[in-house]
Amino acid sequence: MDKKLVTLNINGKSVQANVHKKDTLLFVLREELGLKGAKYGCGTGDCGACKVIIDGEAKNACVTPAIRCEGKIITTIEGIGNTENPHPIQEAFVETHAVQCGFCTPGMVVSAKALLDRNSKPTREEIREALKNNICRCTGYEKIVDAIELAASKEVFDAEQM
Ligand code: FES
Ligand code: FES
């Protein structure tokens, strides 16, 4: 009832999903497409656990209607890196001990990726600003900022920007 077949561009692939007009992008990612990396935290756009990159900007998938995402370029944490092939941001989170329970980590990495893609050498203040909608209950944030600073020091971001 009231469902529509939509084509979404996710992690460089075109995928189709049967979407109700009220379905959020987070619901479609997790429940229809099996992409469980983005987490359901608050469901109200306040914690950042569900962040994905949409057309270059980190957005909360829990408050983004999936039906409005047709034609947009979506990157989820699965499109950034994984255990076998971690992204330098993910390696930096491990190196700086920026992961504790890990629930916020996918959202943090997604926000960091969106930041470093547009600003490869951010200041700590700019990093904090980019993370202002990402909540972490465990780390006190300093190690997360350290991780993103470390990742930014790796040449890969300069290379990716070229
Ligand atoms: S689950 Fe989306 S912002 Fe908290
Ligand atoms: S590491 Fe636990 S919420 Fe951030």
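The values are calculated or read from the model by the stated rules, or taken from the named source; none is laboratory data. What you are looking at is a predicted structure, and each value in this text was computed from that prediction instead of being measured. Neighbour counts are summed over all protein chains in view; Cβ atoms, including those assigned to glycine, are modelled from backbone coordinates with ideal geometry.
So the values come out like this:
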quantity: Boolean, Leu26 is within 16 Å of ligand 1 (Cβ to nearest atom), within 17 Å of Val109 (Cα to Cα), assigned to a helix (DSSP H, G or I) and touching a residue at least 24 places away in the same chain (Cβ under 8 Å); calculated: yes
quantity: Criterion violated by Ala38 - all others in (1) surrounded by 11 or more Cβ atoms within 10 Å (Cβ to Cβ); (2) not in a loop (DSSP other than H, G, I, E, B) satisfied; calculated: (2)
quantity: Residue tally, condition surrounded by fewer than 21 Cβ atoms within 10 Å (Cβ to Cβ) and within 16 Å of ligand 1 (Cβ to nearest atom), over the stretch 86-113; calculated: 3
quantity: Selection from the stretch 127-157 of residues that are surrounded by fewer than 16 Cβ atoms within 10 Å (Cβ to Cβ), among the charged types (D, E, K, R) and either within 16 Å of ligand 2 (Cβ to nearest atom) or modelled with pLDDT of 95 or more (or both); calculated: Arg128, Glu129, Lys132, Arg137, Glu142
quantity: Gln16, sole failed condition from (1) surrounded by 14 or more Cβ atoms within 10 Å (Cβ to Cβ); (2) polar (S, T, N, Q); (3) touching a strand residue (DSSP E or B) at 6+ places or on another chain (Cβ under 6 Å); calculated: (1)
